[in-house]
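Chemist: Before I ask anything, here is the structure I am working with.
The values are calculated or read from the model by the stated rules, or taken from the named source; none is laboratory data. Bear in mind that the values here come from a model prediction, so they are computed numbers and not experimental data. Virtual Cβ from ideal backbone geometry, glycine too; neighbours counted across all protein chains shown. Only protein heavy atoms, including side chains, enter the accessible area calculation; ligands, DNA and RNA are left aside. Shrake-Rupley method; radii C 1.70, N 1.55, O 1.52, S 1.80 Å.
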Amino acid sequence: MKLLSKITEWRQIRSELTGQRIGIVPTMGYLHEGHVSLVHQAKKENDIVVLSIFVNPLQFGVNEDFSTYPRDIERDSQLAIDAGVDYIFTPEVEEMYPTPIRTNVKVNEITEMLCGASRPGHFDGVATVVMKLLQIIQPHNAYFGMKDAQQVAVIEQMVHDLNVPVYIRTCPILRESDGLAMSSRNVYLSADEREEAPILYKTLQWAVEAISQGERDVEQIVKEVAKRIELSPSSQIDYVELRQYPSLDIIQRVEGKILLALAVRMGRTRLIDNVILTV
Ligand code: AMP
């Protein structure tokens, strides 16, 4: 495994990798098994796997956790070696943004609701950095987790609209044994909050069961999900929404492919989770 921080270093390596399939797994580091599952998928489908680790300032709001986001490159390197990563690309902010950025990628409409509503500009930052990483690494395949279902919809849209020559591959959400979706931010949770956090997935599962029993009324499902989450004293709901996927269109009745997504604050931690169903 080789650790790279300069774009020119990778460009040199890339120019010698003719005929090999390259997969990229973009991350912000502080790796967990969810990230590792993306690497495993990438290993199956490519000759070379590049893991990028970059905490992207563009996708953080002014009062968000950019400066405190957990970072541990030594631990990440060991996990990457164990997972079979060939290259870690971990540029400094100055390498990715050497001068003030005057060009960005903005995907319209589907970036404005759900996480985009509470984190204005977040998906412009995501789309821009992913586009830069795709231009730099020039992979055949790029791997993303369904934990960030809206992010996947945004990136698929960008790649489609701008004819980016890459296949977007997605992987299911990896969870702790009590159902909490794995996230680098879970380390922020206090002991009490960590105990309460599985309520998110439990409630999503309740909704899946209700839908399988025939419930189709979106308003009713959303109301009941919110009520159940509010029973946990640490939870402050950011949103609970049920929409068509991947269009993210508003719906009144559950039909077709749907996304039930939520964001909940527990103390200083903002947790997201979702399920996708086809009815
Ligand atoms: P992050 O480092 O949080 O930006 O995540 C990097 C990639 O890993 C994104 O594509 C995420 O969707 C994915 N990811 C994060 N958590 C999980 C998880 N629990 N299961 C599967 N993929 C995940």
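Chemist: Across region 19-94, how large is the tail of the calculated P(r) beyond 18 Å, expressed as a percent of all Cα pairs?
Modeler: Counting every Cα pair in region 19-94, those more than 18 Å apart make up 40 percent.
Chemist: Given the pairs Lys6/Lys132; Lys43/Lys257; Lys44/Lys132; Lys202/Lys227; Lys6/Lys147; Lys223/Lys257, which span a C-alpha to C-alpha distance of over 22 angstrom in this model?
Modeler: Cα-Cα > 22 Å for Lys43/Lys257; Lys44/Lys132; Lys6/Lys147; rest within.
Chemist: Assuming R0 = 22 Å, what is the FRET efficiency of His160 and Asp249, from their Cβ-Cβ distance, to the nearest 0.05?
Modeler: The calculated FRET efficiency here is 0.85.
Chemist: Rolling a 1.4 angstrom probe over the protein heavy atoms, how many square angstrom per residue are accessible across the chain?
Modeler: That works out to 49 Å² for each residue.
Chemist: Could I get the Rg over Rh figure for region 180-264? Both from C-alpha atoms, Rh via Kirkwood, rounded to two places.
Modeler: 0.99
Chemist: Further question: Counting each pair of different Cα atoms once, what's the Kirkwood radius of region 91-187 in Å, rounded to one decimal?
Modeler: Mean inverse Cα-Cα distance, inverted, gives 14.8 Å.
Chemist: At a Förster distance of 30 Å, what's the computed FRET efficiency of Ser212 paired with His32, Cβ-Cβ distance as r, to 0.05?
Modeler: According to the calculation, E is roughly 0.50.
Chemist: With every protein chain left in place, what is the accessible area of Tyr167 in Å² (1.4 Å probe, nearest 10)?
Modeler: 150
Chemist: Compute the distance from the alpha-carbon center of region 114-153 to that of region 8-72, in whole Å.
Modeler: Centre-to-centre (Cα) distance: 12 Å.
Chemist: Top to bottom by accessible area (1.4 Å), largest first, where do His35, His160 land?
Modeler: Largest accessible area first, the residues go His160, His35.
Chemist: When you have a sec, figure out the Kirkwood radius of region 219-279 from all distinct Cα pair distances and drop it here in Å to one decimal?
Modeler: Taking every pair of different Cα atoms in region 219-279, averaging 1/r and inverting gives 12.1 Å.
Chemist: Explain nothing, just compute: Karplus ³J(HN,Hα) = 6.51 cos²θ - 1.76 cosθ + 1.60, θ = phi - 60°, for every residue of region 271-279 in order, whole Hz, x for Gly and Pro.
Modeler: 9, 10, 7, 6, 9, 10, 10, 10, 10
Chemist: For region 167-182, take each phi angle, set θ = phi - 60°, evaluate the Karplus expression 6.51 cos²θ - 1.76 cosθ + 1.60, and give the result in whole Hz per residue in order, putting x for glycine and proline.
Modeler: 3J(HN,Hα) across region 167-182, in whole Hz: 8, 8, 10, 10, 10, x, 6, 8, 10, 5, 5, 8, x, 4, 5, 5.
Chemist: Another question, then. Please report the carbon-and-sulfur percent of the accessible area for region 144-227; probe 1.4 Å, protein heavy atoms only, DNA, RNA and ligands left out.
Modeler: Carbon and sulfur together cover 47 percent of it.
Chemist: Okay, moving on. Just reorder Ser52, Ser190 by solvent-accessible area, largest first, 1.4 Å probe, all chains present.
Modeler: Descending accessible area places them as Ser190, Ser52.
Chemist: Where Rh is the Kirkwood radius over the Cα pairs of region 1-160, the temperature 37 °C and the viscosity 0.692 mPa s, what D in µm²/s does Stokes-Einstein return?
Modeler: Roughly 203 µm²/s, to the nearest whole number.
Chemist: OK, next. Viscosity 1.567 mPa s, temperature 4 °C: Stokes-Einstein D of the chain from its Kirkwood Cα radius, in µm² per second?
Modeler: 66
Chemist: Can you pull the percent of Cα pairs in region 127-238 with separation above 20 Å?
Modeler: It works out to 57 percent of all Cα pairs.
Chemist: Here's something else I'd like to know. May I ask you to rank Thr170, Thr27, Thr8 by accessible area, largest first, using a 1.4 Å probe over the protein chains only?
Modeler: Thr8, Thr170, Thr27
Chemist: Expressed as an acute angle from 0 to 90° and rounded to the nearest 10, what is the orientation of the C-alpha long axis of helix 149-161 relative to the principal long axis of the chain?
Modeler: The angle comes out near 50 degrees.
Chemist: Only helical DSSP H runs with n ≥ 4 go in: add -39500 (n - 2.57) per run for the chain, normalise by residue count and round the 222 nm mean residue ellipticity to 500 deg cm²/dmol.
Modeler: Here the helix-only value at 222 nm equals -11000 deg cm²/dmol.
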